[in-house]
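Note sheet for the following structure.
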Amino acid sequence: PEALLVDVQQGLARWGDVQPYHQALRRFAQEQSLWLAAPEHQQAPDTLAQAHAAAHRLQGAAANLGLMALAQAAKHVESCGADTPSTQRGQAWRQLRKVLRDTGPLALQMRIDSAAQLPAEPAPITT
């Protein structure tokens, strides 16, 4: 099944207008591109608490922007507790990075550009 990357309708419903929504998407893409450009070992959190905090922030931002797959991946990282085996926590973190990379700067920019002239009822964007 196709993963819903960007739910434009949900994003617009939260932001109210295309221009501020697109500005927020661009700002998010720029911020995340800096994080993704760092070596992977520098991106991983040192503690479970740091992983939860980073995932929580990312989940909130993604949900506000209608970035559904990213919000879901961040929620999964946040749900990993101390009793979750470290290999599973690592897999969840790597999956979050993959989804962020897939949703990230270039893919997101293409979606922003293609959504510039939205129809009255925009269709969800999938991959």
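The values are calculated or read from the model by the stated rules, or taken from the named source; none is laboratory data. Given the structure is predicted, the values throughout are model-derived calculations rather than measurements. In this analysis, Cβ positions are derived from the backbone assuming ideal geometry, glycine residues included, and neighbour counts consider all displayed protein chains.
At a glance:
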| item | result |
| --- | --- |
| Count of residues meeting criterion [part of a helix (DSSP H, G or I) and surrounded by fewer than 21 Cβ atoms within 10 Å (Cβ to Cβ)] in the stretch 72-91 | 11 |
| Selected residue [surrounded by 14 or more Cβ atoms within 10 Å (Cβ to Cβ), at pLDDT 85 or above, among the polar types (S, T, N, Q) and more than 14 Å from residue 101 (Cβ to Cβ)] from 23, 19, 10 | 10 |
